[in-house]
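A.B. asks: Take a look at this one; I'll ask things after.
Nothing in this text is a laboratory measurement; each read-out follows from the coordinates by a stated rule. Source: prediction; values computed, not measured. Virtual Cβ from ideal backbone geometry, glycine too; neighbours counted across all protein chains shown.
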Ligand SMILES: [Zn+2]
């Protein structure tokens with residue numbers, strides 16, 4: 001099982017996965033119904049289900065229209081109204097997508113209701129659908145949660161198998177790498193990842209999915225326990241580097257917000 005992106009809005013990806021017979025699809029965070037409707041019509045496909053990661057409109061805006069058109073189940077955080085989510089989910093529960101079980105991980109931070117979906121298929125690399133929690137080279141802004149919550153989310157995601165394919169919802173990679181290079185300039189893996197991403201974007205190709213291995217090496221929000229990363233962020237803020245992990249993480253986040 002793999003996912004491929006349908007671009008939506010300016011920089012969103014609606015991730016899609018087809019079943020073995022190529023007749024039905026599932027969609028993740030369909031913020032725009034028309035994008036999915038057009039795709040289904042052109043490819044003669046039926047929408048079998050929807051996964052939602054959090055309540056923001058660019059992730060949920062198309063759900064009601066698609067649910068009405070295809071009468072399909074919708075899975076998401078229990079904070080969402082029953083008109084959007086037919087099957088509310090909590091930490092540790094699971095959902096079956098084309099015979100593949102995905103485990104729900106609650107990752108509050110970007111929003112308080114944010115969940116990720118994780119699967120370990122037998123034939124493929126593990127898969128993580130992570131919405132606006134983890135991006136290539138970055139993490140979601142803290143609109144509702146605390147630095148401690150996002151630090152906890154990054155810690156848990158970093159512990160997933162390194163081969164895990166990571167499907168974030170936004171094409172923010174180049175901007176994320178500009179910031180990452182500013183605070184972590186001697187990171188060779190980061191410089192290499194940036195060159196690769198620049199080449200992909202020059203061809204208008206998505207830089208996602210990424211992997212946990214790459215993020216652990218290059219993403220400043222997963223390198224919160226590297227002193228040089230915290231020192232680089234503190235330098236941008238004209239502050240002294242924090243001496244503990246939570247305040248260090250908060251400095252990295254604030255430095256990015258003001259970058
Ligand atoms: Zn969001």
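A.B. asks: For residue 5, only one of the following conditions fails: (1) out of contact with any helix residue (DSSP H, G or I) (no Cβ under 7 Å at 6 or more places or on another chain); (2) surrounded by fewer than 18 Cβ atoms within 10 Å (Cβ to Cβ); (3) free of Cβ contacts under 8 Å to residues at least 60 places away in the same chain. What is its number?
C.D. replies: (3)
A.B. asks: While we're on this one: Of all residues in the stretch 109-124, how many are within 21 Å of residue 210 (Cα to Cα) and crowded, with 18+ Cβ neighbours inside 10 Å? Lay out the reasoning, then the answer.
C.D. replies: Of the residues in the stretch 109-124, the ones within 21 Å of residue 210 (Cα to Cα) are 109-110, 114-124.
Checking which are crowded, with 18+ Cβ neighbours inside 10 Å leaves us with 109-110, 114-119.
Matching residues across the stretch 109-124 total 8.
A.B. asks: Moving on to the next point. Restrict the check to the stretch 17-32 and report whether at least one residue is within 16 Å of the ligand (Cβ to nearest atom), touching a residue at least 60 places away in the same chain (Cβ under 8 Å), surrounded by fewer than 22 Cβ atoms within 10 Å (Cβ to Cβ) and within 23 Å of residue 112 (Cβ to Cβ). Show your work before the answer.
C.D. replies: To start, the set of residues in the stretch 17-32 that are within 16 Å of the ligand (Cβ to nearest atom) comprises 28-32.
With touching a residue at least 60 places away in the same chain (Cβ under 8 Å) added as a condition, the list becomes 28-29.
Next, from what is left, pick out any that are surrounded by fewer than 22 Cβ atoms within 10 Å (Cβ to Cβ): none.
No, that holds for no residue.
A.B. asks: Name every residue in the stretch 179-218 that is surrounded by 13 or more Cβ atoms within 10 Å (Cβ to Cβ) and not in a helix (DSSP H, G or I), in order of residue number.
C.D. replies: Passing the criteria: 184, 187, 206, 207, 208, 209, 210, 211.
A.B. asks: Answer yes or no as to whether residue 176 is within 16 Å of the ligand (Cβ to nearest atom) and surrounded by 16 or more Cβ atoms within 10 Å (Cβ to Cβ).
C.D. replies: Numbers: within 16 Å of the ligand (Cβ to nearest atom): yes; surrounded by 16 or more Cβ atoms within 10 Å (Cβ to Cβ): yes.
Yes.
A.B. asks: Next up: How about the stretch 141-174: which of its residues are touching a strand residue (DSSP E or B) at 6+ places or on another chain (Cβ under 8 Å) and within 16 Å of residue 208 (Cα to Cα)?
C.D. replies: Hits for the stretch 141-174 are 162, 163, 164, 165, 166, 167, 168, 169, 170, 171, 172, 173.
A.B. asks: Same structure, new question: Anything in the stretch 51-73 that is touching a strand residue (DSSP E or B) at 6+ places or on another chain (Cβ under 8 Å) and either away from the ligand (no atom under 16 Å from the Cβ) or more than 27 Å from residue 110 (Cα to Cα) (or both)? List them, or say none.
C.D. replies: Of everything in the stretch 51-73, those that are touching a strand residue (DSSP E or B) at 6+ places or on another chain (Cβ under 8 Å) and either away from the ligand (no atom under 16 Å from the Cβ) or more than 27 Å from residue 110 (Cα to Cα) (or both) turn out to be 66, 67, 69, 70, 72, 73.
A.B. asks: Suppose we filter 98, 162, 114, 124 for residues that are touching a residue at least 40 places away in the same chain (Cβ under 8 Å) and at positive phi; which single one remains? Quick ask: steps written out before the conclusion?
C.D. replies: Details: 162 fails: at positive phi; 114 fails: at positive phi; 124 fails: at positive phi.
None of the others qualify; the one that does is 98.
A.B. asks: Further, regarding this structure: Restricting to the stretch 60-87, count the residues that are out of contact with any helix residue (DSSP H, G or I) (no Cβ under 6 Å at 6 or more places or on another chain) and buried (at least 16 other Cβ atoms within 10 Å of the Cβ). Give the derivation first.
C.D. replies: Taking the stretch 60-87 first, the residues out of contact with any helix residue (DSSP H, G or I) (no Cβ under 6 Å at 6 or more places or on another chain) are 60-61, 63-64, 67-73, 75-83, 85-87.
Those still in the list that are buried (at least 16 other Cβ atoms within 10 Å of the Cβ) too: 60-61, 63, 67, 70, 72, 75-77, 80, 85.
So the count comes out to 11.
A.B. asks: Of all residues in the stretch 219-249, how many are assigned to a helix (DSSP H, G or I) and under 13 Å from residue 154 (Cα atoms)?
C.D. replies: 3
A.B. asks: Any residue in the stretch 131-138 that is under 20 Å from residue 25 (Cβ atoms) and either within 13 Å of the ligand (Cβ to nearest atom) or in contact with a helix residue (DSSP H, G or I) (Cβ under 7 Å, 6 or more places away or on another chain) (or both)?
C.D. replies: Step one: list which residues in the stretch 131-138 are under 20 Å from residue 25 (Cβ atoms), which gives 131.
Checking which are either within 13 Å of the ligand (Cβ to nearest atom) or in contact with a helix residue (DSSP H, G or I) (Cβ under 7 Å, 6 or more places away or on another chain) (or both) leaves us with 131.
Within the stretch 131-138, one or more residues are under 20 Å from residue 25 (Cβ atoms) and either within 13 Å of the ligand (Cβ to nearest atom) or in contact with a helix residue (DSSP H, G or I) (Cβ under 7 Å, 6 or more places away or on another chain) (or both).
A.B. asks: Using beta carbons and a limit of 8 Å, which pairs, at least six apart or on different chains, have the first residue in the stretch 53-82 and touching a residue at least 40 places away in the same chain (Cβ under 8 Å) and farther than 23 Å from residue 166 by Cβ and the second one away from the ligand (no atom under 16 Å from the Cβ) and in a strand (DSSP E or B)?
C.D. replies: Short answer, once both residue conditions are applied: none.
A.B. asks: Please state which of the following conditions residue 198 fails to meet, knowing it meets all the rest: (1) within 21 Å of the chain's Cα centre (by Cα); (2) without any contact (Cβ under 8 Å) to a residue 24 or more places away in the chain.
C.D. replies: Unmet for residue 198, out of (1) within 21 Å of the chain's Cα centre (by Cα); (2) without any contact (Cβ under 8 Å) to a residue 24 or more places away in the chain: (2).
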